[in-house]
1. Assign unit charges at the C-beta atoms only (+1 for Lys and Arg, -1 for Asp and Glu), then state the dipole size of the chain relative to its Cα centre in Debye, rounded to the nearest 20.
2. At 1.4 Å probe size, with no ligands or nucleic acids counted, give the accessible surface of Met23 in Å², nearest ten.
3. Does a label point 7 Å from the Cα of Asp57, set along Cα-to-beta-carbon, have any residues of segment 162-191 with amide nitrogen under 19 Å, and which are they?
4. Say we join alpha carbon atoms closer than 10 Å with springs in a Gaussian network model of the chain; which of Leu72, Leu143, Leu21 then has the biggest fluctuation?
5. Take Tyr147 and Asp42, extend 7 Å from each Cα along the Cα→Cβ direction, and tell me the distance between the two endpoints in nm.
6. Could you tally up the Lys pairs in the chain with alpha carbons closer than 20 Å? Skip any pair fewer than 8 positions apart unless they're on separate chains.
7. Quick one: Kirkwood hydrodynamic radius for the chain, alpha-carbon pairs, angstrom, one decimal?
8. Looking at segment 1-50, I'd like the Rg to Rh ratio, where Rg is from alpha-carbon atoms and Rh is Kirkwood's inverse mean 1/r.
Amino acid sequence: MKGEWCYFKGHFSPETCERILAMAQRIPDQQAVMGKGGDNKDLSHRRSRVRFIQVNDPDFQFLFDEVWRLGLVANRDWFNFHITNLSYIQLAEYDASYEGKYDRHHDVFWMNGDPHYHRKLTVIVQLTDPAEYEGGDFELYDLGGAYPDKQAIRTQGTVFVFPSFVPHALRPVTRGRRHSLAVWFDGPKWR
Ligand SMILES: O=C(O)CCC(=O)C(=O)O
Ligand SMILES: [Fe+2]
């Protein structure tokens, strides 16, 4: 049986990761919040700063193209969900100075009030060399089968894909700073 996740280990080169980070850092950052519309600002659950790369940003077309390509490959070979769109990419920072973390959650806003869409697939890209931080492990929970290899998913440039309804967390960063990208593929409502 296949795992309920898949990854492309070290898919983006360290140079590409650094370039994406440098380019995205010109976008103003904000305190990360939770829930549809960001109505939940509970810092005991999530401590992170985020930036949003919009789908029409010409500087990031190569990134959107590559994420779409990988998402379609992963979806074809593992998940077979109905995915139709992706509207933005989130760049997240987790710094040891504030013990950056994101406690256990899933990414579907079940009662989002939207007549059409739910989040279907979550994609995480590890932008930071794992030697630059301690803690900050990405973990999945409640899987029916195998769990992913910790080192593989910490590798810089790894692209990790899983169903958005699977519970997951980012453990507190205790030294240094970790950056990641998160992307959500939406599709017609779960039914
Ligand atoms: O940064 C990560 O690795 C996880 C981010 C996440 O789970 C989220 O933003 O929903
Ligand atoms: Fe998440």
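1. 300 debye
2. Probe radius 1.4 Å; accessible area of Met23 about 50 Å².
3. Of the residues in segment 162-191, 178-186 have backbone N under 19 Å from the label point off Asp57.
4. Looking only at Leu72, Leu143, Leu21, the largest GNM fluctuation is found for Leu143.
5. With each label point 7 Å from Cα toward Cβ, the separation is 2.3 nm.
6. 9
7. Radius from the Kirkwood sum: 16.9 Å.
8. Radius of gyration over Kirkwood radius for segment 1-50 works out to 1.12.
The values are calculated or read from the model by the stated rules, or taken from the named source; none is laboratory data. The structure displayed is predicted, hence computed values, not measured ones. Glycine also receives a Cβ, built like all others from the backbone with ideal geometry; neighbour counts cover every protein chain displayed. Ligands, DNA and RNA are excluded from the accessible area calculation, which covers all protein heavy atoms including side chains. Shrake-Rupley method; radii C 1.70, N 1.55, O 1.52, S 1.80 Å.
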